[in-house]
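*Asks:* The structure is given below, and queries will be raised subsequently.
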Amino acid sequence: MEFGTAWIHSFLYLTFITTILFLLQTFFSHKLSLNHQNVTLKKHPVLPLRFNSDGTFKILQVADMHYGNGIMTRCRDVLDSEFDHCSDVNSTRFLKRMIEAEKPDFVAFTGDNIFGTSTVDAAESLFGVFGPAIESRLPWAAVLGNHDQESTMNREELMSFISLMDYSLSQTNPSVKDTSDPTKRRLVQDIDGFGNYNLRIWGAPGSHLANSSVLNLYFLDSGDRAIVDGVRTYGWIKESQLRWLRTLSQGCQGQDLDGDQSADVSSLLVKPPALAFFHIPIPEIRQRSFKEIIGQYQEYVACSSVNSGVWQTLVSMGDVKAVFIGHDHNNDFCGNLDGIWFCYGGGFGYHGYGKAGCPRRARVILAELGKGGKAWMGVQRIRTWKRLDDEELSKIDEHVLWTRGLQDD
């Protein structure tokens, strides 16, 4: 009798469990299932990056956002008369204003995106930094500064995370064609740092160069801190990175040109011009041996004690027309060193140090194509200016960085 009762109870229990599982499968399976159709890991921008039909490509540089923890993070070096309350929200608001006013095609974040020592959760703060670009569905990319890794992620983890964010074109490190299988690519292993990569900008739609890259954007990791001969100094770009850059530049000779292009077009774009982006300035900037300087030089240049030959490498390559850096927030000048302009972005973020009473600022870079008859050709001119975070978003220090034919190619 006891055995029969136990068997009935077990049967009823199994029937009950089976019924519950059936109901879950019937009514909730569409909500619980994970498949490739309804799970999106990352939103991608429209690729390839290319010039607009009006022959322009505009880049917004954001240097030293120094984002902390959002509304709870206090601003530094602002006057009481400037704001009733100031926090990271002011930095976010400034970025949104810049995107709305300038309508850039691409945003370049040049390091110290977060201020690690003030950041409780690096991932959460990164969403705060890049949020306005993501919300605007703009393609963007970033390199690291010397403060980013001071929170809950190391440099490799940071770049990996950034590369997976929506609309990001950032890469942990460059890739090259696999010699064993040309259809595949493999990561370059023998290179220092994290965040060395190249982005190609293609010609205007409908032009002869629509399927050719006409401008290169080189991103480099300038490191954070180091000890040299027992003395603490800032990081620097290593020889392995410069070796990769030289090889990349040589490979850009006549890159991706269509076979049906005329000889004139091909000769115009033997090697496309390039722009470089990294965080920490090089020692030559400290030496102040500029041919020309435009903007404010208000702060001692904080660079590495090691001169690794970045400037000499860029000069020998011949394609880099301008370099965009950060790190020294109160400097916002462009200085010409032997035909290459080195331009500070100027401090962007309100949690980074600045100069009280001096508005935060951002840099804009505009590349313009030349016109050959009725068709757009290669890049003809590169200009830049800055905007201040004041009521008018005042535009200052506009000037030409490079014009084809006026500078050595």
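*Asks:* Go through the cysteines of the chain and tell me which have no other cysteine Cβ under 4.7 Å away.
*Replies:* Lone cysteines by the Cβ rule: Cys252, Cys303, Cys358.
*Asks:* Based only on other Cβ atoms within 10 Å, what is the fewest-to-most ordering of Val310, Val62?
*Replies:* By the 10 Å Cβ count, ascending, the order reads Val310, Val62.
*Asks:* A further question follows. Ranked by Cβ crowding within 10 angstrom, fewest neighbours first, how are Ser163, Ser305 ordered?
*Replies:* Final ranking by Cβ density, sparse to dense: Ser305, Ser163.
*Asks:* Divide by every residue of the chain the summed helix terms, -39500 (n - 2.57) for each DSSP H run of at least 4, and state the resulting mean residue ellipticity at 222 nm, rounded to the nearest 500 deg cm²/dmol.
*Replies:* -8000 deg cm²/dmol
*Asks:* Just the Kirkwood number for segment 84-230, please: inverse of mean 1/r across all distinct Cα pairs, in Å, one decimal. Can you show the working numbers first?
*Replies:* Values: mean 1/r = 0.0585 Å⁻¹.
About 17.1 Å for segment 84-230.
*Asks:* Can you pull out the GluC sites (Glu not before Pro) in segment 65-141 whose DSSP state is coil and whose Cβ has at most 15 other Cβ atoms within 10 Å?
*Replies:* Glu82
*Asks:* Something else: Find the centroid of the Cα atoms in segment 315-331 and in segment 150-178, then give the distance between the two in whole Å.
*Replies:* 22
*Asks:* Based on the mean of other beta carbon atoms within 10 Å per residue, what is the order of 240-249, 137-146, most packed first? Provide the component values of the computation, followed by the final result.
*Replies:* On the way: 240-249: 18.9, 137-146: 23.5.
In decreasing order of mean packing, 240-249, 137-146 become 137-146, 240-249.
*Asks:* Among Val315, Ala63, Asn90, whose Cα projects farthest towards the positive end of the dipole of segment 48-403, with charges put on the beta-carbon of Lys, Arg (+1) and Asp, Glu (-1)?
*Replies:* Val315
*Asks:* Going through segment 268-373, which chymotrypsin sites (Phe, Trp or Tyr not before Pro) have at most 10 other Cβ atoms within 10 Å and a DSSP loop state?
*Replies:* Tyr300
*Asks:* Given the options Val364, Gln149, Ala204, identify the residue whose Cα lies farthest towards the positive end of the charge dipole of segment 48-403 (+1 on Cβ of Lys, Arg; -1 on Cβ of Asp, Glu).
*Replies:* The one lying farthest along the dipole's positive direction is Ala204.
*Asks:* What do you get for the angle between helix 122-135 and the principal long axis of the chain? Use alpha-carbon atoms, 0 to 90 degrees, nearest ten.
*Replies:* Long axis of 122-135 versus the principal axis of the chain: about 70 degrees.
*Asks:* Let me ask something additional. For segment 344-361 and segment 373-409, what is the separation of their C-alpha centers, rounded to whole Å?
*Replies:* 23
*Asks:* If I build a Gaussian network model for the chain, linking alpha-carbon pairs within less than 10 angstrom, which residue out of Asp112, Asp390, Asp166 has the largest mean-square fluctuation?
*Replies:* Greatest mean-square fluctuation among the candidates belongs to Asp390.
*Asks:* May I ask for the angle, rounded to the nearest 10°, between helix 239-251 and the longest principal axis of the chain, with both axes built from Cα atoms and the value confined to 0 to 90°?
*Replies:* Value to nearest ten degrees: 80.
*Asks:* Using the alpha-carbon atoms, what tilt in degrees (0 to 90, nearest 10) does helix 2-32 show relative to the longest principal axis of the chain?
*Replies:* That helix lies at roughly 30 degrees to the long axis.
*Asks:* Give me the tail of P(r) for the chain as a percent: Cα-Cα pairs with distance above 41 Å.
*Replies:* 21
*Asks:* Also, I was wondering about something else. Cα centroids of segment 107-132 and segment 185-247: how far apart, whole angstrom?
*Replies:* If we compute the Cα centre of each part, the gap is 21 Å.
Just so you know, all these numbers are worked out from the coordinates, no wet-lab data involved. This is a predicted model, so every value here is computed, not measured. Cβ sites come from the backbone with ideal geometry, for glycine too, and all protein chains shown count toward neighbours.
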